Amino acid sequence: MNGTCMKCGKHLSFNEIGAYKKFVNRGSTSYLCIPCLAKKLDIPEEMIHMKIKDFIAQGCTLFINEE
């Protein structure tokens, strides 16, 4: 698993990798950070953060509570 954003090179958190898998391709082995993913999906970064919180509350194993 590549732990850096394939666009900007930023080191990725577990949840950033999970977000890419959830929103783009669950089988992917390369990922985007949240800012780059938001640009790709043409949505605000905050929407991704809100969805991550929702998925954590639902028990989705692609995400962990990092707070």
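The values are calculated or read from the model by the stated rules, or taken from the named source; none is laboratory data. As the structure is a computational prediction, the values presented were derived from the model and not from experiment. Positions of Cβ are generated from backbone atoms using ideal geometry, with glycine treated the same way; all protein chains shown enter the neighbour counts.
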(message) Pull out all pairs, ordered by first then second residue, where Cβ-Cβ is under 6 Å, the residues are six or more apart or on different chains, the first lies in the stretch 42-66 and is within 19 Å of R26 (Cα to Cα), and the second is surrounded by 13 or more Cβ atoms within 10 Å (Cβ to Cβ) and of a type in the set (D, E, K, R).
(response) L62/K21; L62/K22
(message) Among the residues of the stretch 37-55, are any surrounded by fewer than 14 Cβ atoms within 10 Å (Cβ to Cβ) and either in contact with a Ser or Thr (Cβ under 7 Å, 6 or more places away or on another chain) or at pLDDT below 95 (or both)?
(response) no
(request) Output the number of residues of the stretch 15-66 satisfying the condition of being closer than 15 Å to C5 by Cα and either touching a Gly at 6+ places or on another chain (Cβ under 6 Å) or of a type in the set (S, T, Y) (or both). (result) 5
(message) For the list (1) of a type outside the set (A, V, I, L, M); (2) touching a Lys or Arg at 6+ places or on another chain (Cβ under 9 Å); (3) free of Cβ contacts under 8 Å to residues at least 12 places away in the same chain, I need the number of the one condition that F23 fails.
(response) (3)
(message) Consider the stretch 29-67. How many of its residues are part of a loop (DSSP other than H, G, I, E, B) and more than 12 Å from the chain's Cα centre (by Cα)?
(response) 10
(request) For the stretch 1-28, name all the residues that are assigned to a loop (DSSP other than H, G, I, E, B) and within 15 Å of L62 (Cα to Cα). (result) M1, G3, L12, S13, V24, N25, R26, G27, S28
(message) Can you find, within the stretch 1-14, the residue that is surrounded by the most Cβ atoms within 10 Å (Cβ to Cβ) among those that are out of contact with any strand residue (DSSP E or B) (no Cβ under 9 Å at 6 or more places or on another chain) and either without any contact (Cβ under 8 Å) to a residue 40 or more places away in the chain or closer than 17 Å to K39 by Cα (or both)?
(response) K7
(message) Being among the small types (G, A, S) and modelled with pLDDT under 95 narrows it down to one residue among G3, G9; which is it?
(response) G3
